[in-house]
Amino acid sequence: MDIKISKTTTPKQKPDQNNLGFGKIFTDHMFMMNYTEGIGWHDARIEPFHDITLSPACVVFHYGQVMFEGLKAYRGEDGKTRLFRPIMNARRTNSSNKRLCIPELPEEMFVEAVKAIVKVDEDWIPTAPGTSLYIRPFIIATDAFLGVAPSKTYLFCIILSPSGAYYASGLKPVGIWIEDDYVRAVRGGMGFAKTGGNYACSLAAQVKAHDDGYSQVLWLDGVERKYIEEVGAMNIMFKINGKIVTPMLNGSILPGITRDSVLQLCRHWNIPVEERKISVYELLEAQEKGTLEEVFGTGTAAVISPVGKLRYKDEVMTIGDGSIGPVSQKLYDTVTGIQWGKIKDEFGWTVIVE
Ligand SMILES: *Cc1c(COP(=O)(O)O)cnc(C)c1O
């Protein structure tokens, strides 16, 4: 792929690494590439970060034909920049694209584009412990046409945002609200795709949960509202009686790359793993019997997010003693150790940006 690079002549000042937060600060450059029916993907370029101008009639504004991805670049103590399993993001891009009638983006093109933009803004990768550079690739439908039909033109962009240490004060367990009214996705819908609509429809429940002092929503299945699905932007895992149990991928759950990595690690350590249906009543019962040992979310942003409290209707389950469980901690240390190049990458998960 031929990428035309135009660098900024007015680089921004780098932010304070101890106060980055998430998703508010953007680097000096962005990657862009267009798609036109009959031509394919063309005009790959890296330009100074800038606003984009689009017709107000664009398909994306009205019918939400859009997809996104999320991954990170990590700067190791050895000075090397690592990506974590970017090929998995490339594959998931195409699985989202297929569902949304967005044309396929060749996997190697996706990875090459990510590497190129990260290389150009490499000095934006923060180095303070726990910090990273968040990478947000996305594709929007750009035809100026109000008919409901797949667009014939698209824009693929990648923007970068330096991201703070997720856990400023250690891995603190969060409270999770099991939503019993709204649903996120149904089988046959687009729950497995990373697409805007899935997040727009999650906001009302999130507001409700926040108002009640819970930080995230745990979704139940869209039909019976009984089986556990996932958290807003994380998959969910339970340690019940020594086994790691997580909902199986059923089409309405997002297939997380962290989820996959954690399951591989558990199997490697001979911890029994079950991917299956889990009803909310099974959780309540396990809690009652004292066998609900650990609960944690998995996702790129936090890697492992321990859950200390689960609310379902009038029941509040308190998990563990308010600190992180041993398996959750070991998973966090191992995955982040591999990402920052501190632990040998036995699985060949990391890709060095050169
Ligand atoms: C992105 C996302 C995840 C986690 O996926 P990772 O690849 O592990 O970051 C889980 N659930 C939803 C709804 C997501 O959007």
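Across segment 271-310, which residue is surrounded by the most Cβ atoms within 10 Å (Cβ to Cβ) among those that are assigned to a strand (DSSP E or B) and among the basic types (Lys, Arg)? Going through the qualifying residues, I end up with 309. Of the candidates 257, 278, 253, 228, the single residue that is β-branched (Val, Ile, Thr), in contact with a Pro (Cβ under 7 Å, 6 or more places away or on another chain) and within 11 Å of the ligand (Cβ to nearest atom) is 253. Looking across segment 67-100 at every residue that is in contact with a helix residue (DSSP H, G or I) (Cβ under 9 Å, 6 or more places away or on another chain) and among the small types (Gly, Ala, Ser), the one that is nearest to the ligand (Cβ to nearest atom) is identified as 70. Can you pull out the residues in segment 341-354 that are surrounded by fewer than 15 Cβ atoms within 10 Å (Cβ to Cβ) and part of a strand (DSSP E or B)? Once the filter is applied, which keeps residues that are surrounded by fewer than 15 Cβ atoms within 10 Å (Cβ to Cβ) and part of a strand (DSSP E or B), segment 341-354 yields only 352.
Residues of segment 305-354 that are of a type in the set (S, T, N, Q) and within 22 Å of the chain's Cα centre (by Cα): 305, 328, 329, 334, 336, 339, 350. In the set 244, 253, only one residue is more than 18 Å from residue 315 (Cβ to Cβ), of a type in the set (A, V, I, L, M) and part of a strand (DSSP E or B); that residue is 244. Scanning segment 278-302 for residues that are under 22 Å from the mean Cα position of the chain (by Cα) and modelled with pLDDT of 95 or more turns up 294, 295, 296, 297, 298, 299, 300. Filtering segment 185-203 for residues that are out of contact with any Asp or Glu (no Cβ under 9 Å at 6 or more places or on another chain) and over 21 Å from residue 67 (Cα atoms) leaves an empty set. Which is touching a strand residue (DSSP E or B) at 6+ places or on another chain (Cβ under 6 Å) and within 22 Å of residue 121 (Cα to Cα), of 24, 72? Going through 24, 72 in turn, the sole match is 72.
The set of residues in segment 323-340 that are in contact with a strand residue (DSSP E or B) (Cβ under 6 Å, 6 or more places away or on another chain) and in a loop (DSSP other than H, G, I, E, B) comprises 324, 325, 340.
With respect to the conditions (1) in contact with a strand residue (DSSP E or B) (Cβ under 8 Å, 6 or more places away or on another chain); (2) within 24 Å of residue 131 (Cα to Cα), residue 11 falls short on a single one, namely (1).
The values are calculated or read from the model by the stated rules, or taken from the named source; none is laboratory data. Just so we're clear, the structure is a prediction, and the values are computed from it rather than from any experiment. Glycine gets a Cβ as well: all are built from the backbone with ideal geometry, and neighbour counts include every protein chain shown.
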